[in-house]
Each structure stands twice: as structure tokens, then as C-alpha cells.
Amino acid sequence: MGGSSGQYQTRLPPSRILGGMDTTIPSGSSKGAQVGRERCPTGIEALDNILEGGIPRGNTVLVAGSVGTGKTTLTLEFLIHGAERGERSLFFSATESTPKLVENMRSFEFFRPELVTSGYLMLVDVPVLYRKLGLTHDEMRADEIDIFLKTVDAFLTESRAQRVVIDSLTSVAYRIQREERVRDFMLRLSEILAAHDCTSLLVSEIGPQPARYSLRGVEEAIVDGLLLLGNARRHGDILRVLQVIKMRGTAHSRAQYVVEMTPIGLLLAPHLKGGISEEG
């Protein structure tokens, strides 16, 4: 694998986790619409309309939100739609085991298990990855961060992934702890993703009334885009809401939208302000 060190190649060939890859392109493969820069459609129709056809291809986007706001659902839908289009899609899960993820994806009517078995939708269990790499310290040392990043690079090289999700970046950054190392980690991770021309979503876990969009407050400054998910209260009900805070390479609305989670995916509708108070 290009650019990888002999140490982690011998300790953890990515193919042992990802499994064999079928070269048959799934049905539904097609090129996305282009407006200016080439777009990577999320598959969430209203969000793609907001972004003039989708996320600009190659962007790294922070998906920030508190618990239960739909961050993982949004990122999984992004990957599943990509796999359906014949784009290799890679999910690094630091918070849920891969069997649980597959079980959760079965609630989507558009999910087909063969997307996983064919290798078009690839799932990596990050805690398992830590153990296999020997990264057992509560706080990763500089050399351990280097090993982790080189392993991510190796996965991207072998999988040829075009769409990538890390869920969550907060969990990974929590084990780095020192702010200067988090900044260096983010810069190097962004460079790796850009070198592979991946369109990437990085999940950021924040409080219900955040003062910033990430654990250290540096991540949002480095990424190309920021999607904010939160809650709003209306007449005693709590609604999920979404807002595009920034997105390089495209014009976009900064309006807030109500999110409904359904078996056919996320649905967005304009946020009517009357009688609504923000929950974060």
C-alpha cells in the first residue's frame, strides 16, 4: 500500500478487517449532477437542493450535533446512497460495533446487505482497530497518533474509498487530549483525505447548547463544511433541526430546516419560527 510503513502493514493488513472486495458495480450507479464543481450527492434530496446538487466533491465536512439529533443516520444515508451509485464507501465507527450498525441500517428501506458483503459499503470497528494496533493508552502518544493516521491512509489506499465517515471524530480526539496535538491530527487527517480525493463526513458530538461545534474548537476551522444538527421545542414537542453553517465551493442557504427520520431516509422541511424555542 502506497505511503504506508512496514510496521503497521505487517501488524494489520486492512484487508483482514474489510474482507474481499467484489468488483461488480451495484445497480443504480450513475454520475451526479454538476453545478460548478463536481458534486457528491448525499441522497437526501432537500439537502442536495440546498447545496446546489450536493457536497462539492473532495470536501471534508463536520457533522455536529448533540445526542439523538440524527448525526449517524445522516452519515449512514450518505454512505449507503454512495454505495448504491457504485462509489466505495468507508465507515470508521468509534461508538458502535459493526454488527450493531448493520442491524440499525436494516431499518432503512433502501439498504441492501449485499452492499456490505460486496465491499462497496465497508465498516471498520475503531476500538478493534486500537487493540490490533496496540494503541491501549488512555492518551495516544505522538508515535501512536502517527500509527493511527498511517493506518487510516492504508485503509483508504486499499479500499479506494470515495466517501468516508468517521463517527465520531470527538471519540478519537478525546484520546489525543492536548489541543496542539488535536490541531496537528486534524491537519494531517484533512491532508490524507484530500490526497485520496474523498468526500468525508466527520461526526462531532457537542452539548445541547454549544459554545462551539467540536471538542477542542479547532476542528470546525480546518474542515471545508459544517452541518449543524440540533433540537427545537414547539408546543411541547422536540423537533430535530438542521442548518448548513458553511460549505466551501458552493452557495447555500443558511436557513434552519426541520428533520424527520423515516424508513425512506431523512426528510427536511423549512423551519417555521412561530412558537418555537431553541434547544441546541
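The numbers here are math on the coordinates, done by the rules we state, and not lab data. Computed from a prediction, not measured in an experiment: that's the story for all the values here. All Cβ positions, glycine included, derive from the backbone under ideal geometry; neighbour counts span all protein chains shown.
Sorting V258, V182 by the number of Cβ atoms found within 10 Å of their own Cβ, with the fewest placed first, yields V258, V182. Charges were assigned to the Cβ only: +1 to each Lys and Arg, -1 to each Asp and Glu. The resulting dipole of region 35-229 about its Cα centre is roughly 160 debye.
If the reach is capped at under 18 angstrom between alpha carbons, list the aspartates and glutamates near K246, excluding any in the same chain fewer than eight residues apart. Excluding near neighbours in sequence, the set is E38, D48, E52, E205, E219, E220, D224. Using C-alpha pairs below 8 Å separated by at least 6 residues, the relative contact order for region 108-222 is 25 percent.
So for region 35-229, averaging the separation of alpha carbon pairs under 8 Å that are six or more residues apart and normalising by length, what relative contact order in percent results? Present the calculation step by step, with values, prior to reporting the outcome.
Working: 313 pairs, mean separation 67.1, N = 195.
Dividing the mean separation by the residue count of region 35-229 yields 34 percent.
Could you put F108, F185, F148, F78 in order, starting from the residue whose Cβ has the fewest other Cβ atoms within 10 Å?
F108, F148, F185, F78
Since only I206, M186, V241 are under comparison, the one whose Cα sits farthest along the positive direction of the charge dipole of region 179-264, derived from C-beta charges on Lys, Arg, Asp and Glu, is V241.
With kT/(6 pi eta Rh) evaluated at 25 °C and eta = 0.890 mPa s, and Rh the Kirkwood radius from Cα pairs, region 100-172 diffuses with a coefficient of 174 µm²/s according to Stokes-Einstein. A simple count of charges around T250, restricted to other residues whose Cβ falls under 15 Å of its Cβ and scoring Lys, Arg +1 and Asp, Glu -1, yields +2.
Across the alpha-carbon set of region 35-229, the Rg to Rh ratio works out to 0.94, Rh being the Kirkwood radius.
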